[in-house]
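**Student:** Once you've had a glance at the structure underneath, I'll fire off some questions.
The values are calculated or read from the model by the stated rules, or taken from the named source; none is laboratory data. Computed from a predicted model, the values in this text were never measured in an experiment. Backbone-built Cβ (ideal geometry, glycine too); neighbour counts: all protein chains shown.
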Amino acid sequence: MTRGRWGLLAAVTMGVVASLALYWYLVGLEPRYPVVVAAADLEPGTPIGSGQVRVAYVPRADVNPLAVTTLEGAVGRFPRESIYPGEQLLEPRLVTAQEVGTAASLPDHELAMFLALPLEQLGGGTVRPGGEVNVVFVHDGRERPSHARVVLQGLKVLEVRDDRGRAWSEGKGAPAGVVLAVTAQEAEVLAFCREHGTLYLVLRHPGAVTQYTPGVGWEELYQYGALEEKAPVPDGQAAGQSSPPPGQGSEGW
């Protein structure tokens, strides 16, 4: 190849390189716009943390019109579905804690269960959100002798509702039920008890020590002295005169 042709080829090559350099330079001058993208896997039911998202700057053509554009618009919200690293966060795929409702405050292993109870079984209006209750179950006696027992302890009260399912506030009617934080097994216990007897919620001090009891039936009531049968007056004892206490001349009851 002659020197002239080598020179021409070199000139063409330099022209192509210069054109490409100019192109990438101009691309670099194209305005870019902020969008929030996932920096980690985002899963439904889990609030988005500040370290799980980042702001990326992309050309206008790559900006989804529904994209979230600020970190403040993403952090603390909940994905409706799984979002993977690099994906733009879109408004329709996110919900706020308020939109999620009660479930937003629950850890992964807990459920929210509503119990509709009359006032006398609901602590007389003393139960408040954030408090803790024990649950007393009284068997209806249809399938076995009547029995009462504390079946669950230390359940957290999430909400107190009125008879229309709205949040109850003091001075506006009577509470009609509560929403409790429970495990799956505790939900089964409550559902079974609700169908086979009567439930009472007993307010307790938060963090109180759990106490296990054998429960109470008719026999235990008599043993505890909660109920007494009226014993016949012994011969030689004046009517109205009390019998001596057990262990002191009496066989007890």
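**Student:** Looking at Val151, Val133, which one is under 17 Å from Leu199 (Cα atoms) and buried (at least 18 other Cβ atoms within 10 Å of the Cβ)?
**Tutor:** Testing whether each residue is under 17 Å from Leu199 (Cα atoms) and buried (at least 18 other Cβ atoms within 10 Å of the Cβ) leaves just Val133.
**Student:** May I pose another question? Just wondering, is there one or more residues in segment 77-89 that are of a type in the set (Asp, Glu), under 25 Å from Tyr33 (Cβ atoms) and out of contact with any strand residue (DSSP E or B) (no Cβ under 6 Å at 6 or more places or on another chain)? Can you show your working first?
**Tutor:** Going residue by residue through segment 77-89, those that are of a type in the set (Asp, Glu) are 81, 87.
Checking the rest, the ones that are also under 25 Å from Tyr33 (Cβ atoms) come to 81, 87.
Among the residues that remain, those that are also out of contact with any strand residue (DSSP E or B) (no Cβ under 6 Å at 6 or more places or on another chain) are: 81.
Looking for residues that are of a type in the set (Asp, Glu), under 25 Å from Tyr33 (Cβ atoms) and out of contact with any strand residue (DSSP E or B) (no Cβ under 6 Å at 6 or more places or on another chain), one finds at least one in segment 77-89, hence yes.
**Student:** Only one of Leu155, Leu201 is of a type in the set (A, V, I, L, M, F, W, C), out of contact with any helix residue (DSSP H, G or I) (no Cβ under 6 Å at 6 or more places or on another chain) and either at pLDDT below 85 or under 19 Å from Glu120 (Cβ atoms) (or both); which?
**Tutor:** Leu155
**Student:** Please give the number of the condition Pro244 fails out of (1) of a type outside the set (D, E, K, R); (2) in contact with a Lys or Arg (Cβ under 8 Å, 6 or more places away or on another chain); (3) at pLDDT below 75.
**Tutor:** Every condition holds for Pro244 apart from (2).
**Student:** List, please: which pairs have Cβ atoms under 8 Å, are six or more places apart or on different chains, and start with a residue in segment 105-117 that is outside the structural domain of Val157 (by TED's automatic domain parsing) and farther than 15 Å from Val135 by Cβ and end with one that is crowded, with 18+ Cβ neighbours inside 10 Å and of a type in the set (Lys, Arg)?
**Tutor:** Sorted first by the residue in segment 105-117, then by its partner, the list stays empty.
**Student:** Would segment 210-225 turn up any residue that is under 13 Å from Gln153 (Cα atoms), touching a residue at least 12 places away in the same chain (Cβ under 8 Å) and in contact with an Asp or Glu (Cβ under 9 Å, 6 or more places away or on another chain)?
**Tutor:** No: zero hits.
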